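Here the structure is laid out as structure tokens; the discussion comes afterwards.
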Amino acid sequence: MQDKIVKLKSYDRVDEARLDQQVLTEHNISSSIYDSTSAQVLPMLQDVSESVVVMVFEKDYEKALKVLSDYHQYDGGVS
């Protein structure tokens, strides 16, 4: 059985998504970045209307939210 992939967070800019992806990687959470062109290749993303999103495995979703919330709390950014 495959793990389900879910949307974690949407972004206006890909560099913001990459920063959060790096933070997740440092906490051993696998993630992928998809943009609007990804939906053309991956039909499961057709419902994703945001320009850039970070996707994670459903099993990591809660941990990923906490990691990013903590990170943005201390960097002064918006979570």
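The values are calculated or read from the model by the stated rules, or taken from the named source; none is laboratory data. Since we're looking at a predicted model, the values are computed, not measured. Quick reminder, even Gly has a Cβ in these numbers, built from the backbone with ideal geometry, and neighbours come from all protein chains shown.
Brief remarks follow.
- Leading residue by the ranking (surrounded by the fewest Cβ atoms within 10 Å (Cβ to Cβ)) among those in the stretch 1-48 that are among the β-branched types (Val, Ile, Thr) and at pLDDT 90 or above: THR25
- Residues of the stretch 1-20 satisfying the condition of being of a type outside the set (Val, Ile, Thr) and within 13 Å of TYR61 (Cα to Cα): ASP3, LYS4, LYS7, LEU8, LYS9
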